Amino acid sequence: MKIIQGADEARRTILRRGATTEMALGAAGRATTASAFGEELTAAENVRRIIADVRTEGDAAVRRHTETFDGPIAYPTLEVPVDEIDAALKRLDSDLRSALEFAAARVRTYHEKQLRRCLKSYVEDDGLGVQVRAIETVGFYAPGTAPAYPSSVLHTIVPAVVAGVENVILVSPVGRDGRIPDVKLAAAAIAGAQRVFCCSGAQAVAALAYGTETVPRVDKIVGPGNIFVTLAKRAVYGDVGIDSIYGPTETVVVADSDADAAICAVDLIAQAEHDELAAPIFITNSFDLAQRVVAEVEERLESLPRGNVARAAFENRGGFVVAESIEEAVGLASEYAPEHLCILSKDARRLSTLVKNAGGVFLGDGSPEAIGDYTAGPSHVMPTGGAARFASPLSVQDFLKFSTVIDLSENSVFDLGPAGAAIARAEGLVGHARAIEERLPK
């Protein structure tokens with residue numbers, strides 16, 4: 001594993017980002033799409049075909065494409081029966097159920113506090129204000145079957161329920177047995193999902209965006225997914241709301257010379273094991289620490305069950321950087337705008353004030369990003385791909401909509417109308433001007 005020295009070289013190599021629109025299928029993906037459509041298609045062409053099929057054929061297309069990519073669905077309909085969800089919750093190991101309920105409670109408490117701090121409906125004495133309402137129907141995409149990622153179910157649905165979303169719809173791929181894993185169904189029940197459907201990829205997004213005989217049309221689609229989900233969310237945006245476009249996970253660990261090399265290593269590995277395209281990046285002001293962290297990573301990868309995946313992540317998008325100072329290290333991390341930024345330093349709180357761009361900031365040894373993934377409280381769904389420059393983690397505000405309220409007195413037209421009419425005439429919109437002038441004295 002190579003150690004990069006100097007900010008400029010780091011920007012040119014490890015910290016250089018490509019365009020987020022550059023999405024291509026691998027060999028396996030091309031083969032599957034060729035089998036499904038009788039010709040090799042790009043990922044974008046594949047998604048367009050699937051969306052068109054779902055809009056034309058409804059449930060039949062959703063089931064056909066889901067079974068092509070995931071395998072046969074064991075349920076008679078796309079919707080998972082309520083008694084099956086209840087049974088999954090009862091079958092779940094009691095300790096795991098307690099852990100999920102504990103995590104859900106933490107997420108709920110955090111977002112209830114967040115909701116209390118959100119803008120409330122009001123109208124001021126001058127007749128101007130805002131009306132706040134929860135989005136009525138939201139669809140949640142829950143990726144994965146092995147692993148099933150029940151934490152993602154909790155961290156997306158619970159904030160929505162807290163915000164007051166009335167209709168919570170979950171879609172998920174099925175496993176090799178044709179069913180959604182018990183742990184995911186249990187998480188859906190604990191989080192507050194009302195209906196669960198077996199569908200995945202672009203066909204699931206299309207079903208949520210436009211509705212089918214079985215799947216209700218939603219107002220917004222939330223949750224991460226693979227390349228097909230990502231491209232499909234882009235394609236349907238405007239017909240339906242979306243939360244964001246998510247890419248592979250990324251974590252930047254910034255540490256000073258006093259940091260524990262073992263702690264640095266395990267925090268990097270925790271993200272690297274997600275995906276071969278994950279970005280585990282280490283930035284420090286100490287070449288000696290960088291060497292020790294590399295050694296720790298190498299040793300620990302040997303015994304990691306997903307060691308091959310993690311090693312590929314370090315080789316593909318990860319790496320180690322030595323900056324001139326710890327402040328420069330934080331600055332480099334902020335320029336990269338990572339999903340997760342961990343600062344391992346006794347001076348972490350001061351250094352955090354230098355951070356301008358990050359999805360989540362984790363300070364000190366007691367705040368590992370891995371706890372943020374599960375039981376800290378804030379939603380772990382955060383902007384990736386540099387989107388932290390302009391986007392925020394998922395929160396209750398993603399499930400609220402704001403309407404301006406104008407309730408002016410009749411006499412206000414005398415103060416506001418003449419200037420408004422003058423601007424309208426300057427824009428050539430005489431009808432606008434007359435709608436104001438009609439209210440002014442003859």
Along segment 277-283, what does the Karplus equation 6.51 cos²θ - 1.76 cosθ + 1.60 (θ = phi - 60°) give for ³J(HN,Hα), rounded to whole Hz, x for Gly and Pro?
9, 5, 10, x, 10, 10, 10
Taking amide H positions as placed in the peptide plane 1.01 Å from N, state which residues far from F362 in sequence (5 or more) or on other chains have amide H under 5 Å from it.
L341, C342, I343
Dipole check, the chain, charges on Cβ (K,R +1; D,E -1), about Cα centroid: among Y374, G319, I245 the Cα furthest to the positive pole belongs to I245
Long-range amide H contacts for I283: which residues qualify at under 5 Å (H placed 1.01 Å from N, peptide plane, sequence gap of 5 or more or a different chain)?
V253, V254, A255, V321
Entry for Cα extents along the principal axes in Å (calculated from the structure that is shown) out of (i) 70, 66, 37; (ii) 90, 55, 44; (iii) 86, 58, 47
(iii)
If K220, K233, K401 are placed from fewest to most neighbouring beta carbons inside 10 Å, the sequence is K401, K220, K233
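Taking the Cβ of each residue in V381, V171, V309 as the centre, tally the other Cβ atoms inside 10 Å and list the residues starting with the fewest. Before the final figure, lay out the partial values.
On the way: V381 22, V171 31, V309 17.
Fewest-to-most ranking of V381, V171, V309: V309, V381, V171.
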1/(1 + (r/R0)^6) with r = Cβ-Cβ of A262 and V430, R0 = 51 Å, i.e. FRET efficiency to nearest 0.05, evaluates to 0.10
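Using a 10 Å cut-off around each Cβ, can you sort E101, E273 from fewest to most neighbouring Cβ atoms?
On the way: E101 14, E273 21.
Least to most surrounded, the residues fall as E101, E273.
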Could you identify which residue out of D267, D275, D407 has the top mean-square fluctuation in a GNM of the chain using Cα springs shorter than 10 Å?
D407
For I242, which sequence-distant residues (separation of 5 or more, or a different chain) have an amide H within less than 5 Å of its own amide H, given hydrogens modelled in the peptide plane?
I221
Expected vector for segment 216-221, Karplus 3J(HN,Hα) from phi with 6.51, -1.76, 1.60 and θ = phi - 60°, integer Hz, x for Gly and Pro, equals x, 6, 10, 8, 8, 10
³J(HN,Hα) computed for each position of segment 42-47 - Karplus, 6.51 cos²θ - 1.76 cosθ + 1.60, integer Hz, glycine/proline x
6, 4, 5, 5, 4, 5
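Values quoted throughout were computed directly from the atomic coordinates according to the rules given, and no laboratory measurement underlies them. Note that the structure is predicted; figures quoted are calculated from it, not measured. FYI the Cβ positions are ideal-geometry reconstructions off the backbone, even for glycines, and counts take in every protein chain you see.
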